[in-house]
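These notes concern the structure reproduced below.
A short reminder: the numbers here are calculations on the coordinates, not readings from a lab. Keep in mind that this is a model prediction, so the values were computed, not measured. Counting neighbours? That spans all protein chains shown, and the Cβs are built from the backbone with ideal geometry, glycine included.
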Amino acid sequence: LFLRDSLKQVFVLILSLITLLSVFLAVLIAFDLARRLVAPIGRLAAATRAVAAGRLEPVELPARGDELGFLVESFNRMTGELAASRERAAASAAETERQRAFLATVLARLSSAVLVAGPDGRLRSANPAAAELAATSADALVEQPIGVLGTLRAELSALAERFAERLAEGAPEWREELALPAEGGARLLLLRGARLPDGGQVLVVDDTS
């Protein structure tokens, strides 16, 4: 009877140790699984904050075949596409700036006066020849109504009226000769205009006297 009681105690002790070890191992496995799951999510969250701050950094994680791996792969693909779009936008902006600089250089050296008006009837740009024609600076003409040409020089009133009329008509392309009073005889101007895609007009003025 004494041995039987002792064996029972030993068995209970062994079973208790086994149970404790099983629980301990289960806790360790649970912590390991949680770490493996939380670590990638933490990296993904950090990468998301980086994207929000403008840094398109991919998430570096070992290949996984589960849903989290698919999410990381989709995130990296998204950041790659955003980076490519940013590069294309930067290249396009650089090309636009080069074209603008080229056009500005050409217009600055033209002997013809070039005026560009928006759909609202205000001058958007004027080259040096146009500024000389109006006896002012190019910057002084920008954002001014077309009628300012007649205000600056009375003899340009007819030119301003023609330009405003063609703008209001939306004429796709037009050509007209205009005689302006001048000392020693009339001054002949050849006006050539064209409609811009946004509804504005560009006018080229040549002195054919």
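Only Cα pairs under 8 Å and at least 6 apart count here; give the relative contact order of the chain as a rounded whole percent.
Numbers: 233 pairs, mean separation 26.1, N = 209.
Relative contact order, the chain: 12 percent.
Scanning residues 5 or more positions from residue 110 or on other chains, none has an amide H under 5 Å from its amide H, with H placed 1.01 Å from N in the peptide plane. In this rough spin-label picture, where each label sits 7 Å from Cα along the Cβ direction, the residue 143-residue 97 distance is 2.3 nm.
Solvent-free Debye calculation, one equal scatterer per alpha-carbon of the chain: log10 I(q)/I(0) at 0.09 Å⁻¹ equals -0.63. Scanning the chain for DSSP H helices at least 24 Å long along the axis (C-alpha atoms) with a Kyte-Doolittle mean no lower than 1.0 picks out 2-52. Using a cut-off of 12 Å between beta-carbons, work out the net charge of the residues near residue 49 (Lys and Arg +1, Asp and Glu -1, residue 49 not included). Summing Lys and Arg as +1 and Asp and Glu as -1 gives +1.
Let's test the formula: R0 of 35 Å, r as the Cβ-Cβ distance of residue 32 and residue 57. What FRET efficiency results, to the nearest 0.05? Rounded to the nearest 0.05, the efficiency is 0.80.
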